[in-house]
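The values are calculated or read from the model by the stated rules, or taken from the named source; none is laboratory data. As the structure is a prediction and not an experimental result, all values here were calculated from the model. Quick reminder, even Gly has a Cβ in these numbers, built from the backbone with ideal geometry, and neighbours come from all protein chains shown.
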Amino acid sequence: MQALVEHSRAQARSYRVIQVISDKPAAAGLAIARDLGVATRSVPAHKTLDRAAYDRTLAATIDECEPALIVLAGFMRILSEAFVERYAGRIMNIHPSLLPKYPGLHTHRQALAAHDPLHGATVHFVTAELDGGPPIIQARVRVRPDDNEITLAARVQNQEHRIYPLAVDWYCAGRLHCRDGRAWLDGAALAAPVQYDGDDASRDH
């Protein structure tokens, strides 16, 4: 979230973060956002609210902002199908693996256990399928012989801070869309996610 806000204030960025919303009133991200001068709201998940009722409350809060795009960053609740359909093609998430590998939790642990030579992160559009929406861009990192979950996660997170603002920028500049279950960039459907390497990105159609 902090990286997204900071990148939005760089020259030539096409987006602005208008509000940060959390289901946890004490979330550190809310304090960081306030320090950055961004409006914040908390929508606590009360025990009296079922999942559908919570998502309706969350949607009402979001709709007050009229955002062009909803960006998930550390939001760990699984969104209902009705919520996702309400904002179809307008929700993005980032996942710490090279999807479709390792959806869900403990991705770094799984990559290490499998002795994968490469690991990374994927930005994707959100659908009702957990971590199964159309991929947009990936960043890869080499898994080192001495890596553990902490060191590997730190290098992956560093790349997340690069590719997430890039994908949001594409979308808000009108270059990126979600259509027919695919991500489209510059008028062409992505046959595979853009592969980010350092400060340059390349893509195959």
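Filter segment 151-167 down to the residues that are farther than 15 Å from GLN195 by Cβ and either in contact with a Lys or Arg (Cβ under 9 Å, 6 or more places away or on another chain) or among the polar types (S, T, N, Q) (or both) and list them by number.
Residues satisfying the conditions are THR151, LEU152, ARG155, GLN157, ASN158, PRO165.
Between a first residue in segment 184-205 that is among the basic types (Lys, Arg) and a second residue that is at pLDDT below 95 and surrounded by 10 or more Cβ atoms within 10 Å (Cβ to Cβ), which pairs have beta carbons less than 9 Å apart while being 6 or more apart in sequence or on different chains?
none
Just one of the numbered conditions (1) of a type in the set (S, T, N, Q); (2) touching a residue at least 24 places away in the same chain (Cβ under 8 Å); (3) buried (at least 16 other Cβ atoms within 10 Å of the Cβ) is not true of THR40; which one?
(2)
If I filter segment 162-176 for residues that are touching a Pro at 6+ places or on another chain (Cβ under 8 Å), without any contact (Cβ under 8 Å) to a residue 60 or more places away in the chain and not basic (Lys, Arg), do I get at least one hit?
no
Which of the residues that make up segment 48-63 are more than 19 Å from the chain's Cα centre (by Cα), over 11 Å from LEU79 (Cα atoms) and either of a type in the set (Ser, Thr, Tyr) or not in a loop (DSSP other than H, G, I, E, B) (or both)?
Selection gives THR48, ALA53, THR57, ALA60, THR61, ASP63.
Just the residues that are out of contact with any strand residue (DSSP E or B) (no Cβ under 7 Å at 6 or more places or on another chain), free of Cβ contacts under 8 Å to residues at least 40 places away in the same chain and charged (D, E, K, R), please, taken from segment 144-161.
The answer is ARG144, ASP146, ASP147.
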